[in-house]
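Trainee: My questions will all concern the structure given below.
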Amino acid sequence: MSKTIFITGIGTDVGKTVVSAIVVEALKADYFKPIQAGDLNYSDTDKVKEWVSNQETVFHPNAYSLQTPMSPHAAAAIDQVRIEADKIIVPKTTNNLVIEGAGGLLVPINDKETILDLIQPGYKVLVVSRHYLGSINHTLLTIKLLQDKGCEVSLLFNGDEHPTTEDIIVKMTGVNVIGRINEEEKITQDTIHKYAVMLKDNLQML
């Protein structure tokens, strides 16, 4: 039975796109980035397409492609468009589908809605956490928001191991930890494939 996995992070630049590529490769899933703000010449979809080596993945076009690398609500205002969650049509596919969010859960997409409003009932949500000063707070807040919404939440750590941070997050949330991505000098197809093989069994259990 196919499933939809929504990839979110505890903030910006924590590794959502790399994780999305790993999940796509591991499950040979389709990929969908609803909102791309900025970097249209080398978008997150372009990156995942470059990093994934399987031949089954379908890359679905963005619902909104915005010119400016800003919060979606602000980038949309510059482009004189309005983002609305119910106008984002999720691609129909019989395959597993990976949906990558933008920034963190409470990033605004308009005056009333945030990225959290893109997560539909039945989605599996994978949170990417990366250690920095304040990351415990950001991770706990992210997971609590999702749990309060009734989501099935899993966690993946990205970057160098930090046991005291990770242990307290797991103890206080009880979430399933999929695994870890180590600090990598460069992301290539080989890098993505390595982690896809390593994490495949855990990801299949989502």
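The values are calculated or read from the model by the stated rules, or taken from the named source; none is laboratory data. Since the model is a prediction, treat every value here as computed from it, not as a measurement. As a convention, Cβ positions derive from the backbone with ideal geometry for all residues, glycine included, and neighbour counts pool all protein chains shown. Accessible surface areas use protein heavy atoms only, side chains included; no ligands, DNA or RNA. Shrake-Rupley method; radii C 1.70, N 1.55, O 1.52, S 1.80 Å.
Trainee: Please give the strands (runs of 3 or more DSSP E) falling wholly within the range 1-91 in which 1 or more residues are open to solvent by 20 Å² or more (accessible area, probe 1.4 Å) and among the small types (G, A, S).
Mentor: 35-37, 64-66
Trainee: Which of (1) closer than 30 Å to N182 by Cα; (2) without any contact (Cβ under 8 Å) to a residue 24 or more places away in the chain is the odd one out, the single condition A77 does not satisfy?
Mentor: Evaluating A77 over (1) closer than 30 Å to N182 by Cα; (2) without any contact (Cβ under 8 Å) to a residue 24 or more places away in the chain leaves (1) as the failure.
Trainee: Moving on. Out of all the residues in the range 54-71, which are touching a helix residue (DSSP H, G or I) at 6+ places or on another chain (Cβ under 8 Å) and within 21 Å of T188 (Cα to Cα)?
Mentor: Selection gives N54, T57, F59.
Trainee: Find the residue count for the range 171-203, including only residues that are in a helix (DSSP H, G or I) and either modelled with pLDDT under 95 or of a type in the set (V, I, T) (or both).
Mentor: Residues in the range 171-203 being in a helix (DSSP H, G or I) and either modelled with pLDDT under 95 or of a type in the set (V, I, T) (or both): 4 in total.
Trainee: Out of everything in the range 169-187 that is touching a helix residue (DSSP H, G or I) at 6+ places or on another chain (Cβ under 8 Å) and more than 20 Å from A26 (Cβ to Cβ), what residue ends up being surrounded by the most Cβ atoms within 10 Å (Cβ to Cβ)?
Mentor: In this case the residue turns out to be I169.
Trainee: Would you be able to say whether some residue in the range 8-23 is out of contact with any Phe, Trp or Tyr (no Cβ under 6 Å at 6 or more places or on another chain), more than 22 Å from K124 (Cβ to Cβ) and not β-branched (V, I, T)?
Mentor: yes
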